Amino acid sequence: MSHTPSRQDFDHYMAPNYAPQQVIPVRGEGSRLWDQQGREYIDFAGGIAVNSLGHCHPVLVEALKDQGEKLWHLSNVFTNEPALNLAKALVDRTFADKVFLCSSGGEANEAALKLARRWAVDHHGEHKDKIISFYQSFHGRTFFTVSVGGQPKYSQGFGPVPGGILHADYNDLESVRKLVGDDTCAIMVEPMQGEGGIVPGKQDFLQGLRDLCDEHNALLIFDEVQTGVGRSGELYAYKNYGITPDILTSAKSLGGGFPVGAMLATDAVAKSLVIGTHGSTYGGNALASAVALAAVEFIDTPEVLEGVKKRHDLFREHLETINRKHGVFKEIRGMGLLMGAQMSDAYEGRAKDILPLAIEEGLMALIAGPNVLRMAPSLVIPEADIAEGMARLERAIERLVAAA
Ligand SMILES: *Cc1c(COP(=O)(O)O)cnc(C)c1O
């Protein structure tokens, strides 16, 4: 008989850098998942803002099967039709003139940071090397991106960190003014901090960053790895603000579950990425590009984007109703279908205690730091699944309250 994998196998065979929940989902359809025992769950986690169309959406399955029978991979010695179609679709729909394809968010940000440094050297000289980013920000796990990220616990303990990186306070323009100068190469910012606690950027803060970049000939990089591809109710969150970056990074929802990332840039900036300056074996992989193209074309329609805004209101109403009864949240916030509920003082630091209770009630959710319950469901989650998921969340919260 063949071996049935168990949660113990994780501890035996996998590197110990994660602590997954005890259940092992084996099948998904839309916003529902089933585990090895056939127990069913509603998915408000969405693979951490990745499964933009839920699980096994027919449009993505078809794109995958269709491309899977034609051509998977060529390397960048050749180009391929799906990659060209994806790049054109992104250029047609955004501020960008050029696209660099890769396989993850961290890789897209690594490309953005290297491009910014190279652009500065090309146009202004070696001295213009300072990158400003924000405390609590998250930009990936490569050594450069983790150092630009604003959570020292992720970058410390690995020896000397890359230099020229400065951190300011999010939504505090004054703190940026103290650091910015003619040696500033780029400001990298999430229009809404995701891992840092679902904190939307304020309009005048993001506009202020744009102005400071213009004043000091620096590049504005929007990390839209978590907020991008419909998550915010627009294709990209920058469209909600009407503030245009010079470079934008995308991943997570872009592939709807297939690993893919993209860096978008204006022509003037992208020019610095000349032959040989950067690369990625899997970047522009035909299979990944075909799935991402299907996701972008399906999501960037008025029906889906309006649906995200409508579902946002539903999530908010349900969370407020739960909170009126149980008083566990201090603030409910977010954009589109990236929502956070900050725990009230009495439950400070206890967001993670909700997750195993929710799983027992048949709901998958997320946290963003110790104090924020996070939800990043499918952009097309049915209203009935929202209602049932919220009923399960309420039962989990009742148990949290009862145990307090
Ligand atoms: C998840 C995330 C990343 C990292 O993406 P990976 O695909 O894990 O490399 C970068 N930036 C933001 C804002 C993210 O949410």
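The values are calculated or read from the model by the stated rules, or taken from the named source; none is laboratory data. In this text, all values refer to a predicted model and were calculated from it rather than measured experimentally. We place every Cβ from the backbone using ideal geometry, glycine too, and count neighbours over all the protein chains shown. Just the protein is used for accessible areas: all its heavy atoms, side chains included, with ligands, DNA and RNA removed. Shrake-Rupley method; radii C 1.70, N 1.55, O 1.52, S 1.80 Å.
Volume of the convex hull of the stretch 322-391 (Cα atoms only), normalised per residue: 89 Å³.
Counting protein heavy atoms only, the stretch 143-189 has 54 percent of its accessible area on carbon and sulfur, 1.4 angstrom probe.
Diffusion coefficient (Stokes-Einstein, Kirkwood radius over C-alpha pairs, 37 °C, 0.692 mPa s) for the chain: 150 µm²/s, rounded to a whole number.
Relative to the longest principal axis of the Cα atoms of the chain, helix 302-326 runs at roughly 50 degrees. Length available on full extension from residue 314 to residue 48: 0.36 nm per residue minus the Cα-Cα distance, which gives 93.8 nm. Taken over the stretch 222-364, lysine pairs spaced eight or more positions apart, or on distinct chains, with alpha carbons under 20 Å apart number 5. Dividing the alpha-carbon radius of gyration of the stretch 71-299 by the rule-of-thumb value 2.2 N^0.38 Å gives 0.95. Averaging the Cα positions of each part gives two centres, and for the stretch 61-128 and the stretch 261-335 these lie 16 Å apart.
What is the angle, in °, between the Cα long axis of helix 58-68 and the longest principal axis of the Cα atoms in the chain? Nearest 10 is fine, range 0 to 90. Tilt of helix 58-68: around 50 degrees.
Taking label positions 7 Å along the Cα-Cβ direction at both residue 17 and residue 142, the computed distance is 1.4 nm, reported to one decimal.
Could you tell me the center-to-center distance, by alpha carbons, between the stretch 34-48 and the stretch 375-404 in angstrom? Here the answer is 13 Å between Cα centres.
Here's the list of lysines a cross-link from residue 128 could span, going by alpha-carbon distance under 16 Å and ignoring same-chain residues fewer than 8 apart: 114. With a Förster radius of 41 Å applied to the C-beta separation of residue 72 and residue 401, the computed FRET efficiency comes to 0.20. Helix 351-361 axis versus longest C-alpha principal axis of the chain: approximately 50°, rounded to the nearest ten. At a probe radius of 1.4 angstrom, the accessible area of the stretch 110-259 per residue rounds to 36 square angstrom.
With the simple model of a label 7 Å out from the Cα in the direction of the Cβ, residue 10 to residue 36 spans 1.1 nm.
Computing FRET efficiency as 1/(1 + (r/R0)^6) for residue 216 and residue 135, where r is the C-beta to C-beta distance and R0 is 30 Å, gives about 0.90.
Think of the chain as having a plus end and a minus end, set by charges on the Cβ of Lys, Arg, Asp and Glu; of 367, 2, 280, 2 sits farthest toward the positive end of this dipole. Under a model in which nothing but the beta-carbon of Lys, Arg (+1) and Asp, Glu (-1) is charged, the chain shows a dipole of about 440 debye around its Cα centre.
Computed from Cα atoms alone, the Kirkwood hydrodynamic radius reported for the stretch 164-212 is 11.4 Å. The label-point distance for residue 161 and residue 174, in a model that sets each label 7 Å from Cα toward Cβ, rounds to 2.5 nm.
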